[in-house]
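Here the structure is laid out as C-alpha cells; the discussion comes afterwards.
The values are calculated or read from the model by the stated rules, or taken from the named source; none is laboratory data. Small disclaimer: the values here were computed from a predicted structure and weren't measured. Here the Cβ is made from the backbone with ideal geometry for all residues, glycine too, and neighbour counts use every protein chain on show.
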C-alpha cells in the first residue's frame, strides 16, 4: 500500500493552466523590497550585511514564477541559500540571513499547490538541504557534539505544514473542478435525453403521416400531398434536433413521448399575491415556432432560477420573470429583490448555476448571473436557430 501511494504521488501530474503573474505578485515583490532594504540597513547583528541584502533581493523574483515554474523557483531560491550556508560553514561565520527571506516559504506552498508529484518530491529534497545546513551551523556555533534534533524538527515541521496546506488547497480545488465537470456532464446527458425524446416524437409523427398518406393516395391525392408536406416539415425539425444532440443517450430505457414543457408553461410558475416571495411572469414578443430544445431550455432555466431565488434570496418579496422573443433570439430575465449577502449563497453549496450555464452554452447561448444593487438577476440569451 505504501509503495502504491508513493507511485501515485510520483505520477501525479501538474495542475493544468496555472495562473501567470498578476498585479498582486508585482505588488508583493514591490512591498518586500523596502522591507529587505530597511532590515539590511538597520539590523545590528547581521553577518555579511551586503551579501545578506543581495541574497534576499535575488530571491524576490522567484515569487513571480512560483506558480508556472514551481520546482525551478524552489531549486533556485533554496539552492542559493544552501550555497551561502556552505560558504558560511567553511569560513566559520554564523550567517543566518535576513528574517525577511521567510517569504521563500511561499515557494514551498506553490510547489505542492501547482507542481507535479515528481516536482514535490524533488523540491522537498532541495528544501531539506538548507534546513540541515542550518542545524549543522547551529551545532558548530553552540559547541555541541551532536546536531540538535530540535533545530531539524522545527524547520522540517514548518516546511511540512506549509506543504500540507498547499496540498490540501490543491485537492480541494481538484474536487471542486471534478464536481463542476460532473454537473456539466449530467446537464449534457439531460439535454441529450430531452432531444432524444423530441426526435422520437417527431419520428412517430412522420410514421403516422406516412401511413395516412399511403392510405389516402389512391382516393384523395391532395391529402397525400398534405401528408408529404407535414412529413417534410417534421423531418427538417428532427434533423435540426439531431444536429444539436450531444453525448450518449440513456441506455436500456424507452423514450418518453410526453411533450417537454416549454415557454408556454413558464406562466404556470407564477404564484398568487398571498405567497412569499411572489412570482410574476411576463411573456412578450414572438415566442412561436421555437425549436423544442430552446423551448424546453427556457422553461428549465426559469424554473431553476425561481427555485434558487425562493431558497436563497434573503428577505425577497418578489421574483420577476420576463421572457421576450426577439427576431434572432429568446431573452429570459429572472430578478428577485432579496439580499444576496456578502457572498453568493447560490453557489456556496452546489453547482446549479454551472449546470444552467452549460445548458445555455450547449445551445449556442449565454447565461449570466450575479448580484445587482437591489437583488439578484439571471439573464439567459438563446438563439432561435440553436446549433451545437
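Details
- Of note, residue 21 does not satisfy the criterion of being part of a loop (DSSP other than H, G, I, E, B), touching a helix residue (DSSP H, G or I) at 6+ places or on another chain (Cβ under 9 Å) and at pLDDT 90 or above.
- Failed item, numbered, when residue 129 is tested on (1) on the phi < 0 side of the Ramachandran plot; (2) not in a helix (DSSP H, G or I): (2)
- Lone unmet requirement of (1) surrounded by 19 or more Cβ atoms within 10 Å (Cβ to Cβ); (2) in a loop (DSSP other than H, G, I, E, B); (3) over 34 Å from the mean Cα position of the chain (by Cα) for residue 47: (1)
- Scope region 290-314; condition in contact with a strand residue (DSSP E or B) (Cβ under 7 Å, 6 or more places away or on another chain), more than 13 Å from residue 381 (Cα to Cα) and crowded, with 19+ Cβ neighbours inside 10 Å; matching residues: 290, 305, 306, 309, 313
- Once region 278-289 is narrowed to residues that are assigned to a loop (DSSP other than H, G, I, E, B) and at pLDDT 85 or above, the residue that is farthest from residue 376 (Cα to Cα) is 288.
- Considering (1) assigned by TED's automatic domain parsing to the domain that holds residue 61; (2) under 16 Å from residue 12 (Cβ atoms); (3) at pLDDT 90 or above, the lone condition that residue 117 does not fulfil carries the number (3).
- Count - residues of region 323-354 that are part of a loop (DSSP other than H, G, I, E, B) and modelled with pLDDT of 60 or more: 7
- Output for region 53-98, where each listed residue is more than 22 Å from residue 162 (Cβ to Cβ) and part of a helix (DSSP H, G or I): 53, 54, 57, 83, 86, 87, 88, 89, 90, 91
- Options 27, 41: the member that is in contact with a helix residue (DSSP H, G or I) (Cβ under 9 Å, 6 or more places away or on another chain) and either surrounded by 10 or more Cβ atoms within 10 Å (Cβ to Cβ) or modelled with pLDDT under 90 (or both): 41
- From 15, 33, 29, residue being under 22 Å from residue 105 (Cα atoms) and assigned to a loop (DSSP other than H, G, I, E, B): 15
- Test: residue in region 208-219 that is farther than 30 Å from residue 354 by Cβ, at pLDDT 70 or above and surrounded by fewer than 13 Cβ atoms within 10 Å (Cβ to Cβ): yes
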